[in-house]
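Data block below; observations after.
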Amino acid sequence: DAGVIQSPRHEVTEMGQEVTLRCKPISGHNSLFWYRQTMMRGLELLIYFNNNVPIDDSGMPEDRFSAKMPNASFSTLKIQPSEPRDSAVYFCASSAGLAGVWEQFFGPGTRLTVL
Amino acid sequence: AQSVAQPEDQVNVAEGNPLTVKCTYSVSGNPYLFWYVQYPNRGLQFLLKYITGDNLVKGSYGFEAEFNKSQTSFHLKKPSALVSDSALYFCARLSNSGYALNFGKGTSLLVT
């Protein structure tokens, strides 16, 4: 298995532009997580999907952030409009079930820089 | 809150020496605890977890962790460090949600 796949690996954009991050979870996993990692705040859970349904989006910082999971093999995280404070590494992770039993497998991350 | 704390930002160890990366957890309920490792420009990789049972948990790459209820700790250990163990280590605890992991700030391990 190729593991969790994320694209792009690096994204540099200008303030105000729309940014779309993509994730392909491990086949057969029914849970998908989006995290953001910054020096100041560490790792934060943004949103959690189970069986393609958003269960918890309380970590999404603002309405500028949105996430979708149209099918079991694809998810997107969109920022519109982007701001410099959105600069971070965004990780997608998947698991075969609840984290208490099944470990989360992380993708390589997308390093976003907003100028 | 179901939180963890990693008191050390950085740990330096000589190759071949034992290493310990510290983690303490908040006293609330029965904790499900995890250790993850992050190598440069990579995602986090699962090392081990404690759910219940034996207090000594063995994981990947020769790492182990000891759950200590009286000290509310879950320190990561390895008997003999390798240069390749140099990375960022995260302790995490399962939140009350049953799916979200609350991560510590991370500890940078440098083995020379």
| task | Could you list, in sequence order, all residues of segment B:24-44 that are within 10 Å of the chain's Cα centre (by Cα) and more than 11 Å from chain A (Cβ to nearest Cβ)? | result | B:Thr24
| message | Given the criterion closer than 19 Å to B:Ser84 by Cβ, more than 10 Å from chain A (Cβ to nearest Cβ) and crowded, with 20+ Cβ neighbours inside 10 Å, identify the matching residue among B:Val21, B:Val57, B:Val4. | response | B:Val21
| Say we look at segment B:65-104 and pick out the residues that are crowded, with 18+ Cβ neighbours inside 10 Å and charged (D, E, K, R); which of these is farthest from the chain's Cα centre (by Cα)? | B:Asp85
| In segment A:47-62, which residue that is surrounded by fewer than 17 Cβ atoms within 10 Å (Cβ to Cβ) and among the aliphatic types (A, V, I, L, M) is nearest to the other protein chains (Cβ to nearest Cβ)? | A:Ile55
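Before we move on, is B:Gly62 in contact with a strand residue (DSSP E or B) (Cβ under 7 Å, 6 or more places away or on another chain), buried (at least 17 other Cβ atoms within 10 Å of the Cβ) and either within 16 Å of B:Val4 (Cα to Cα) or not basic (Lys, Arg) (or both)? Break it down into steps so the answer makes sense when it comes.
Numbers: in contact with a strand residue (DSSP E or B) (Cβ under 7 Å, 6 or more places away or on another chain): yes; buried (at least 17 other Cβ atoms within 10 Å of the Cβ): no; either within 16 Å of B:Val4 (Cα to Cα) or not basic (Lys, Arg) (or both): yes.
It is false that B:Gly62 is in contact with a strand residue (DSSP E or B) (Cβ under 7 Å, 6 or more places away or on another chain), buried (at least 17 other Cβ atoms within 10 Å of the Cβ) and either within 16 Å of B:Val4 (Cα to Cα) or not basic (Lys, Arg) (or both).
Conditions tested, residue by residue: (1) within 25 Å of A:Ser31 (Cβ to Cβ); (2) surrounded by fewer than 17 Cβ atoms within 10 Å (Cβ to Cβ); (3) of a type in the set (Gly, Ala, Ser); (4) within 14 Å of another protein chain (Cβ to nearest Cβ).
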| site | (1), (2), (3), (4) |
| --- | --- |
| A:Phe74 | yes, yes, no, no |
| A:Leu77 | yes, no, no, no |
| A:Gln80 | no, yes, no, no |
| A:Asp86 | yes, no, no, no |
| A:Ser94 | yes, no, yes, yes |
| A:Glu103 | yes, no, no, yes |
| A:Val114 | no, no, no, no |
| Is segment A:13-22 home to any residue that is assigned to a loop (DSSP other than H, G, I, E, B), of a type outside the set (Phe, Trp, Tyr) and crowded, with 18+ Cβ neighbours inside 10 Å? | no
| query | Restricting segment B:66-108 to residues that are touching a Ser or Thr at 6+ places or on another chain (Cβ under 6 Å) and within 11 Å of chain A (Cβ to nearest Cβ), which is modelled with the highest pLDDT? | reply | B:Leu88
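The values are calculated or read from the model by the stated rules, or taken from the named source; none is laboratory data. The structure presented is a predicted model; accordingly, all values stated were derived computationally and were not measured. With ideal geometry, Cβ positions are generated from the backbone for all residues, glycine too; neighbour counts draw on all protein chains shown.
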